[in-house]
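Trainee: Pasting a structure below so you can have a look.
The values are calculated or read from the model by the stated rules, or taken from the named source; none is laboratory data. The shown structure was predicted, so the numbers you read here are calculated from the model rather than taken from an experiment. All Cβ positions, even for glycine, are placed from backbone atoms using ideal geometry, and neighbour counts span all protein chains on display.
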Amino acid sequence: MTFINTFATRVFYAIILLMAVLVLNFSLMHMAPGDVADTIAQSMGGADKEVLDAIRTDYGLDQPFLVQLGRYMGNVAQFDLGHSFFFNQPVTQLILERLPATLLLVISAQLLALFVGVVLGVYSARKPNGIVSHFVTFFALFGYSAPVFWTGILLLISFSLMIPILPVAGMRDVTIEGNFWVHFIDVARHLVLPMITLASIFLALYSRLSRATMMETLGSDYVRTAKAKGLSERQVVYKHALKNSLSPVITLAGLQFSAVVSGAVLVETVFSWPGLGTLAFQSIIARDTPTILGILFFSALVVIVGNLLTDLALRLVDPRVGGKG
Amino acid sequence: MTTPLLKVENLRIELTTRDGVAPVIDDLSFELGQNENISFVGESGCGKSMTALAIMGLLPEKIGRIASGSILFDGEDLTKASPARLRAIRGNEISMIFQEPMTSLNPVYTVGEQIAEVIREHQGLGRKAAWDMAADLLDAVRIPNARGRVSDYPFQMSGGQRQRVMIAMALACQPKILIADEPTTALDVTVQAQIFDLLRDLRKDTGTSIIMITHDMGAVAEMAERMIVMYAGRGAEIGPVEQIIEHARHPYTKGLTSCVPHIVSQLTEDRARLTEVPGIVPGLKDFGKNMCLFASRCNHRTEECLSARPPMKPFENGQIAACWHAEDV
Amino acid sequence: MSQQPPPIEEQIEQARSPLSEAWEMFRRNHAAVAALVVLGLIVIGAIIGPFLYPTDPFEMVWAPFSPPGAEGFLLGTDYLGRDLMAMIINGARVSLIIGLAAAVVSIFIGVTIGALAGFYRGILEEILMRITEFFQVLPTLLFSMVIVALFGASLPMITLAIGIVSWTAVARITRAEFLRIRELEYVMASRASGVQNMKLMFRVILPNALPPIIVQSALMVGSAILFEAGLSFLGLTDPNVVSWGQIIGSNRQYILDASYTVTIPGLAIFVTVLAISLVGDGLNDALNPKLRSR
C-alpha cells in the first residue's frame, strides 16, 4: 500500500523534527546566561568558584558541546529530561502528570471548534445571505481579533461570577466524592468554559473555510450528478458535498495544532487549568530551565502527533490522499 | 406513432442575468416516442443543455425557471410536479449522463457505492443486493474485471471508464428516458466510438429512449432517428436525420451539415466544400426579439426576417423548419 | 454590500495610476474605511495622548478600585490606585510599537526565506522549507516565552521573540508567489538578458509578489499585538513598561471587585486588532485583482 509507505515517511520526518527540537532545546540552554551549576549553587545559598567547578565536572558541563548534546539526546531517548530543582522532581514525571489535562483541553477544544465550525459553515453555505451567514462573518472577526485570555475572563465573569452556574477555576472539585460518573461530570463542568474559550479562536477560522469550500462543492459537477440521481437534499448535502468539503478544513485544523497549544497556555492560566500551560508559567517565573525546555519538547511532540493524526483523518475522508491520484 | 413518451409543448425557460431576464428557451416543442433516439444539435449556448436540465427539473436554483409551456412525461406534466415526485422520477424513470466524466463522479466514494446508491434509493434494495447489482452493471457497460473494480475510486479509472460508470449509474433503474449531454466530448476519438457502440447496444437491449445532445453531426447520423436543430434558444429545424442531412430546410442547418464534409459526402452526391457558419450567436439580451435571430448570419436574409419571428413550417416529409425562406433553401 | 451603480459618466474608464485604482477599490469597502479612521485615531492618541493627558501611569492617584467616572477619573483606578486612563494611553504606545516592530522582524525573515526558497529551488528550497516546517511545529507562544525567560524581557528581546516565531506564514506565501512569478515571461526575459540574481529577486520578482505579502503583513501586525498582549498578560514582559495585556494580567485577580480593569484594556486590544484586520480585508480587496470581480 502506497499510503502505508507515505505514512512511514511522515513518521520518519516527525522523528527528525523531534530531534531538531532537542538540538534547539539544548542550544538554548547552552546559550542562556547561567547554567545548572549556578542553579544548584543558588539553591544551596551560594557557592564559591571551586564548588561550582566541581558541580560542573559532576554534571559533565566541562565537556565539549557536542559530547554534552549527545548525552542529552541519549537521556531523552530514555525519557530522561533532567531534574527540576524548583519542583524537586524528574521533569518527565512532572510533565506526564500535567499532560493529560492539556490533552483533554486541546483535543476537546479542537473537536468542538471543528464540529460547530463545520455545522455553521454548511448551514451558511446553503443560505449565503441568511442570518447565520452574517453571524459567521461577525464571529470570524471576533474570534480573530479578541485576545483569548480576555475572552476567557469575560466568560468567567459572565458564567462563574455574575450567573454562577459553572466553576471558577481548576479541573476538579476535591471535596466531591462518588463513582466515576460523578467525577466525570465534575471534570466536564470545569472543562466547559476553558474549552469554549480556546475553541472560539479556531471556530471562526473553521466555519469561514468550510463555508467557502462548501459553496464551491455545492456547485460542482458531482453534486449535480447526485441531484440527477434523485437523491434527497439531505443526502446531496450531507453525504456527497460535505465529505468533499471536509479535507481542506481538516488540513487547516492540522496546521493550527501549534496555535491551539499556544492558546492553551493562556487559557490554562486564566482558568488555573492544571496542565502544561500553567506548569510552563510557573517554571518560567521560577527560572526552572529544564522544566521549561521539557515542556517545549513535549508540546512540539503533541503538535507532531496531532499532525500525524490529521494525515490519518484526511485519509479517512479522501481516498486520493496518499494514493497516486 | 402512438402516444409520445415525452411531449414538450411551447416551453419557455427564463434565466435571470445581470442585465435582466432572458428567454434561453423560447417556445420550444418536440416529442419523443418509445424506444426512439433524438438528437439536439447546435452551437454551445443555444439552450440544448438547458432543455435537458428543465426535463430533469434541475434548472439552476433562483436563476432559471420555466416561465410557460409544459413537459408531459407519460401524460404527467413535470413542470407542475412536486419536488418529491421529481426526485422519484430522476435517476429512476429519466436519468442523465453529463459531459465531464472526470468531474461528474464523486471523488470520495467508490464507483460501486455511487451506482448502488441510486438502486437503493429507487428500487428499495438492500446494501448487499444493490452492491451485487452494481457489479453486474459495470460488467454490462463492459468494464473488464467488473467484480474487482466495483470498489475502485473514480481517480483509479480512465475517462472512458468513468463515463461507462456514469452510464451504468444512469441505466441502473432501467429508465424510460436517458438524456446524454455531450457524453463523448471530453473523450479520445477511439473511446468516443466505443461509448457510442455501447449506448447503441444498450438501447437495443433495454428499449430506453435516448435524448442525445451533441454538436457532433457524425454521432447524430450514426445514432439518432430524428434531430432537433436549435439556434439561440429556438427550434430551427426538426425532422428525420437522413432527410435533414440530405436537404436541410433552414440555412443554419445547412451551414452545420456542410461543416462536416464526410457525412455529406456519404449521404449525398454533392461534395460540399468545408464551410463554417460565419458570424457569432447573438447575445442573451437579443433572445426575446420578434425577428429571426439567425438573420445576422444568413445570406437569405430579407426585410421579413428582421421584422418578425418565422413560425415552424411543416413539410410533407415530416421536416419542420423555422425560416421565412424554407422553400428556397 | 449593496451599492447604487454609479452614473454612466463615472463608469467610463479613465486611465488611472494603479495606486489610485487600489484606493478606489479600498474605498468601496466601507468597513475597511471606517476601520482605517479608527486605527488612525488610535495611532494619533498613542503619539500625542501622553502630552494631552500627562498623568503618570505608575503613580497612585486615588483610592484603588474607584469605578470609572469617580472623582474625575474617566476610566477609574486599578488595584494600586493608578489611573486606568493614563495606563491605557501609555499602553497604546508599547502595544503598537512592539506589534509593528515584531511584524517587521517576522516579515523580514519570512520574505527572505520565502524568496530564497522560491527563487533558487532545489536543495536550498528543501532545507529552507524544512526549517519553516520546524518552526511551525513549535507552539509559537511557548517558544517565545522560553526565549524571553532565558534571555530577558527587554523590549527588543520581546520584539525579537515574537518576530522569530511568527514568520512562517509570510515565508510560505512569499515562496508560493515567487514560484508562480519566476516562470512568467517578463522574468524569463530579464533572466535571458543577463540580469543578476539579486536584482532579479528583489527588483523584478519581489515588487510583483508584494500584494499578498502586504495583506499578510497587515494581519501580522494584528497578531503581533495579540502576541505581545499574551506575553505581558502572563507577566513575562518588562514590568516597568505599561502595556494593555499587562494591565489585564496584573488586575485579573480582582475581577470580582473591579471587572472594568480587565474589560476596558481588553476592549482596547480588541478594537485595535479588529481595525487592523478590517483594514487588511480592505487591502485584500484593493490589491488582489482576482477577487475584484466578485
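Trainee: Mind listing just one residue for me: the one in segment A:271-314 that is charged (D, E, K, R) and out of contact with any Phe, Trp or Tyr (no Cβ under 6 Å at 6 or more places or on another chain) and, of those, nearest to the other protein chains (Cβ to nearest Cβ)? Working first, answer last.
Mentor: Residues of segment A:271-314 charged (D, E, K, R): A:287-288, A:311.
Still in the list and also out of contact with any Phe, Trp or Tyr (no Cβ under 6 Å at 6 or more places or on another chain): A:287, A:311.
Details: A:R287: 7, A:D311: 14 Å.
If we take residues in segment A:271-314 being charged (D, E, K, R) and out of contact with any Phe, Trp or Tyr (no Cβ under 6 Å at 6 or more places or on another chain), then A:R287 is nearest to the other protein chains (Cβ to nearest Cβ).
Trainee: Does segment A:166-175 contain any residue that is free of Cβ contacts under 8 Å to residues at least 12 places away in the same chain, surrounded by fewer than 19 Cβ atoms within 10 Å (Cβ to Cβ) and of a type outside the set (G, A, S)? Spell out how you get there, then give the answer.
Mentor: Residues of segment A:166-175 that are free of Cβ contacts under 8 Å to residues at least 12 places away in the same chain, as a first pass: A:174-175.
From the residues that got through so far, the ones that are surrounded by fewer than 19 Cβ atoms within 10 Å (Cβ to Cβ) too are A:174-175.
Then keep just the ones that are of a type outside the set (G, A, S); that gives A:174-175.
Scanning segment A:166-175 turns up at least one residue that is free of Cβ contacts under 8 Å to residues at least 12 places away in the same chain, surrounded by fewer than 19 Cβ atoms within 10 Å (Cβ to Cβ) and of a type outside the set (G, A, S).
Trainee: Among the listed residues A:V317, A:V265, A:V236, A:V261, which satisfies the condition of being at the interface with chain C (Cβ under 8 Å from one of its Cβ atoms) and either touching a Phe, Trp or Tyr at 6+ places or on another chain (Cβ under 9 Å) or farther than 18 Å from A:M171 by Cβ (or both)?
Mentor: Just a single option satisfies the conditions, and that option is A:V265.
Trainee: Tell me, please, whether a residue that is within 12 Å of chain C (Cβ to nearest Cβ) and outside any helix (DSSP H, G or I) can be found in segment A:179-188.
Mentor: As a first pass, look at segment A:179-188 and keep what is within 12 Å of chain C (Cβ to nearest Cβ): none.
There is no residue in segment A:179-188 that is within 12 Å of chain C (Cβ to nearest Cβ) and outside any helix (DSSP H, G or I).
Trainee: Which of the residues that make up segment C:250-264 are in a helix (DSSP H, G or I) and at the interface with chain A (Cβ under 8 Å from one of its Cβ atoms)? Working first, answer last.
Mentor: Applying the first criterion (in a helix (DSSP H, G or I)) to segment C:250-264 yields C:250-254, C:260-264.
Within segment C:250-264, C:R252, C:V262, C:T263 qualify.
Trainee: Counting only residues that are within 12 Å of B:A54 (Cβ to Cβ) and surrounded by 21 or more Cβ atoms within 10 Å (Cβ to Cβ), which one in segment B:80-99 is farthest from the other protein chains (Cβ to nearest Cβ)?
Mentor: Going through the qualifying residues, I end up with B:I94.
Trainee: Hey, can you tell me all the residues within segment B:154-188 that are surrounded by fewer than 23 Cβ atoms within 10 Å (Cβ to Cβ), free of Cβ contacts under 8 Å to residues at least 60 places away in the same chain and closer than 19 Å to B:E222 by Cα?
Mentor: B:D188
Trainee: Somewhere in segment B:200-212, is a residue within 14 Å of chain A (Cβ to nearest Cβ), more than 17 Å from B:I115 (Cα to Cα) and assigned to a strand (DSSP E or B)? Spell out the reasoning first.
Mentor: Step one: filter segment B:200-212 for residues within 14 Å of chain A (Cβ to nearest Cβ), giving B:211.
Subsequent filtering for residues that are more than 17 Å from B:I115 (Cα to Cα) retains B:211.
After this cut, where a residue has to be assigned to a strand (DSSP E or B) as well, the list is B:211.
Yes, the conditions are met somewhere in segment B:200-212.
Trainee: At least 2 residues that are among the hydroxyl-bearing types (S, T, Y) and under 30 Å from B:G283 (Cβ atoms) in each: list the helices (runs of 4 or more DSSP H) lying fully within segment B:20-135 that qualify. Steps first, answer last, please.
Mentor: Working: elements: B:48-56, B:83-89, B:101-104, B:111-123.
Counting at least 2 such residues, we get B:48-56, B:101-104.
Trainee: May I pose another question? So B:G112 ticks every box in (1) more than 28 Å from A:R126 (Cβ to Cβ); (2) surrounded by 16 or more Cβ atoms within 10 Å (Cβ to Cβ); (3) at pLDDT below 90; (4) not aromatic (F, W, Y) but one. Which box is left unticked?
Mentor: It is condition (3) that B:G112 fails.
Trainee: Residue under question is A:A125, and the condition is that it be surrounded by fewer than 15 Cβ atoms within 10 Å (Cβ to Cβ) and within 28 Å of A:Q256 (Cα to Cα); does it hold?
Mentor: Details: surrounded by fewer than 15 Cβ atoms within 10 Å (Cβ to Cβ): no; within 28 Å of A:Q256 (Cα to Cα): yes.
Here the answer is no, as A:A125 does not meet what is asked.
Trainee: Ok, one more. May I ask you to verify whether B:L78 is in contact with a strand residue (DSSP E or B) (Cβ under 7 Å, 6 or more places away or on another chain), in the same structural domain as B:I210 (by TED's automatic domain parsing), farther than 15 Å from A:H240 by Cβ and among the aliphatic types (A, V, I, L, M)? Break it down stepwise before answering.
Mentor: Numbers: in contact with a strand residue (DSSP E or B) (Cβ under 7 Å, 6 or more places away or on another chain): yes; in the same structural domain as B:I210 (by TED's automatic domain parsing): yes; farther than 15 Å from A:H240 by Cβ: yes; among the aliphatic types (A, V, I, L, M): yes.
So B:L78 passes the test.
Trainee: Confirm whether A:F149 is within 14 Å of chain C (Cβ to nearest Cβ), under 30 Å from A:T217 (Cβ atoms), touching a helix residue (DSSP H, G or I) at 6+ places or on another chain (Cβ under 6 Å) and surrounded by 17 or more Cβ atoms within 10 Å (Cβ to Cβ).
Mentor: Details: within 14 Å of chain C (Cβ to nearest Cβ): yes; under 30 Å from A:T217 (Cβ atoms): no; touching a helix residue (DSSP H, G or I) at 6+ places or on another chain (Cβ under 6 Å): yes; surrounded by 17 or more Cβ atoms within 10 Å (Cβ to Cβ): yes.
So A:F149 does not fit the description; no.
Trainee: Looking at segment B:117-135 only, could you name the residues that are of a type in the set (G, A, S) and within 14 Å of chain A (Cβ to nearest Cβ)?
Mentor: Quick first cut of segment B:117-135, residues of a type in the set (G, A, S) only: B:124, B:126, B:129-130, B:134-135.
Across segment B:117-135, the qualifying residues are B:G124, B:A130, B:A134.
Trainee: Read through the list (1) more than 27 Å from C:A275 (Cα to Cα); (2) within 14 Å of chain A (Cβ to nearest Cβ), then give the number of the only condition that C:M157 fails.
Mentor: Here C:M157 clears every test but (1).
Trainee: Where the second residue is at pLDDT below 80 and in a loop (DSSP other than H, G, I, E, B) and the first is assigned by TED's automatic domain parsing to the domain that holds A:M29 and surrounded by 15 or more Cβ atoms within 10 Å (Cβ to Cβ) and lies in segment A:59-71, which pairs have Cβ atoms under 7 Å and are six or more apart or on separate chains?
Mentor: From segment A:59-71, the pairs are A:L61/A:D35; A:Q68/A:G60.
Trainee: Name, by its number, the condition in (1) under 30 Å from B:A295 (Cα atoms); (2) out of contact with any Leu (no Cβ under 6 Å at 6 or more places or on another chain) that does not hold for B:G235.
Mentor: (2)
Trainee: If a residue has to be in contact with a helix residue (DSSP H, G or I) (Cβ under 9 Å, 6 or more places away or on another chain), closer than 18 Å to B:I177 by Cβ and not hydrophobic (A, V, I, L, M, F, W, C) to count, how many in segment B:50-67 make the cut?
Mentor: 1
Trainee: If you go through segment A:94-141 one residue at a time, how many are under 15 Å from A:M215 (Cβ atoms), basic (K, R) and assigned to a helix (DSSP H, G or I)?
Mentor: Counting residues in segment A:94-141 that are under 15 Å from A:M215 (Cβ atoms), basic (K, R) and assigned to a helix (DSSP H, G or I) gives 1.
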